[in-house]
């Protein structure tokens, strides 16, 4: 496989022992492989979990999985420990690392998203390995209920790894876990079979992915969600066992490793990838049936087709579009604020000019800055 830029995601289960403490031998084995990959000419971004587990071990407190603030406190203690080990292991190979902590809001905001892309690009240019993790200390997606119409963009490092891959236009995503790949059912069952290649995410595959991991928040379900985003974005994704000897090297040499999720051939522009998967929605616009049908056929959204607005958003922010059934069918970048749209909803162009005194754009959302949504996971 001739990939040049790879995003490697390592889950908590691959980094800890049975008692929940960091497994330094496993960490070193993964780092040694990444170092060899880099020396072969590839660029690598590492997306890692493990901060909370490291913090629990460091603080020597009993885990309380239902206490979010407890987890955040453990992450605060564990993040520096995690990075210290990574820095030491990479240093033995003459490689430098940089920590990049992100929240869902960092990728949802267009300016922050662009800055993140620029920083990652610069680090790669100067030969530094970015180590990315969700900022569990300040991330609030599990604590504060969202305002109506708002939707976050990720809540797990599996999804984050693919969003990062989209941002930097990576050639491959490798999700390293504790199983050999994706199975027809739980790999603990004797009649489970490993699937080598997936060309389409089907309801059957989604059903087989149910269940959570022992240490991480995700499990196989979020990996399939990540795979679906990667496939639609034109990026191959592989789920493989981190404990397999030379798993990354074998993968890049084209050997059959884990489960390959093949990308769709249809290309999606970078802005539409961000709208669809990275942005999150700052508000919601409800349209009538005629407007929905027109958009599905390729039209832009005009004010005359708008019935209602939820949430507060500014020009340039992404909003969710729902039909009369209140189901989301698209997302797009707004040309007007939520306050303006409330004033002009249902109006034609001449009425808009009389109401606002100006027309910023004829379209409330241009079709070129809109992404249709597919059936959700």
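Taken together, the values in this text are just the output of simple stated rules run on the coordinates, not laboratory data. If you're wondering where the values come from, they're calculated on a predicted model, not measured in any experiment. Neighbour counts run over all protein chains shown; Cβ positions are idealised from the backbone, glycine included.
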_Those residues of the range 304-341 whose amide nitrogen sits under 20 Å from the label point placed on residue 354, 7 Å along Cα→Cβ_ = 304-307, 340-341
*Please determine, in degrees from 0 to 90 and to the nearest 10, the orientation of helix 157-168 with respect to the longest principal axis defined by the Cα atoms of the chain, where the helix direction is its Cα long axis.*
70 degrees
*Taking one equal scatterer on every alpha-carbon of the range 26-122, how large is log10 of I(q)/I(0) by Debye at q = 0.13, 0.18 1/Å?*
-0.59, -0.98
_Value of D in µm² per second that Stokes-Einstein yields for the range 212-305, Kirkwood Rh from Cα pairs, at 10 °C (1.306 mPa s)_ = 95 µm²/s
*Could you tell me how many degrees, from 0 to 90 and to the nearest 10, lie between the Cα long axis of helix 68-91 and the main elongation axis, the longest principal axis, of the Cα atoms of the chain?*
60 degrees
*Provide the FRET efficiency to the nearest 0.05 for the residue 17-residue 185 pair, computing r from the beta carbons and using R0 = 30 Å.*
0.65
_So for each of 202-208, 320-326, 33-39, 130-136 I average, over its residues, the number of other beta carbons within 10 Å; can you give me the resulting order with the highest mean first?_
130-136, 33-39, 320-326, 202-208
*With a/c under 1.5 counting as rounded, go ahead and sort the range 5-272 into rounded, prolate or oblate using the C-alpha gyration tensor (a ≥ b ≥ c being the square roots of the eigenvalues; past the cut-off, prolate if a/b is larger than b/c, else oblate).*
rounded
*How far is the Cα center of the range 266-344 from the Cα center of the range 101-115, in Å?*
20 Å
*Could you give the angle, 0 to 90 degrees to the nearest 10, between helix 220-232's Cα long axis and the longest principal axis of the Cα atoms of the chain?*
60 degrees
_Length released on extending from residue 118 to residue 342, taking residue separation times 0.36 nm less the Cα-Cα span_ = 77.1 nm
